[in-house]
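Just dropping this structure here.
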Amino acid sequence: MNHRYSERIPVECGAVFSGENMCGEGRVIDVSLPGCLMESPELVKVGDYMRLRLFLPDQVAPLNVPLAVVRRVDGSFIGLEFIRSSDEDQARLTRYVRRSFTVPRKVISRWDHGIELMAATGD
């Protein structure tokens, strides 16, 4: 069993990305400090490098990731690892993830590879 070193935070936001042979849009499902899970109809493969902009909720400007690598592909789901970003954007992502830890969550669905999608509870 793989143990993650950073908890995934559920999110619903848009993303745009481009790489050597690709350009597209996606929907980010979750984010963690080292990466994110995105859904997109664009064809990518493990090992592809891309530039990514995430439009996180409650953020004024998009989060820029000048270098990310595709670590996993399962149909339209793409697992990305962030390799390079500015100190400012890393700090913004860290604040976003830490702030999200304080919101009570419940499991709303499970992706068939053990990824849990969570939602804030109103309780």
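Just to confirm the filter: which trypsin sites (Lys or Arg not before Pro) across region 21-78 are DSSP coil and have at most 16 other Cβ within 10 angstrom of their Cβ?
Passing both the DSSP loop test and the Cβ count: LYS45.
Hey, can you grab everything whose amide H is under 5 Å from the amide H of LEU56? Only 5+ residues off in sequence or another chain; H modelled, so Pro and N-termini drop out.
It is LEU63, by chain and number.
If amide hydrogens are placed 1.01 Å from N in the peptide plane, which non-local residues have theirs closer than 5 Å to the one on VAL11?
Here ASP30, VAL31 satisfy the definition.
The numbers here are math on the coordinates, done by the rules we state, and not lab data. Everything numeric here is computed off the predicted structure, so don't read it as measured data. As a convention, Cβ positions derive from the backbone with ideal geometry for all residues, glycine included, and neighbour counts pool all protein chains shown.
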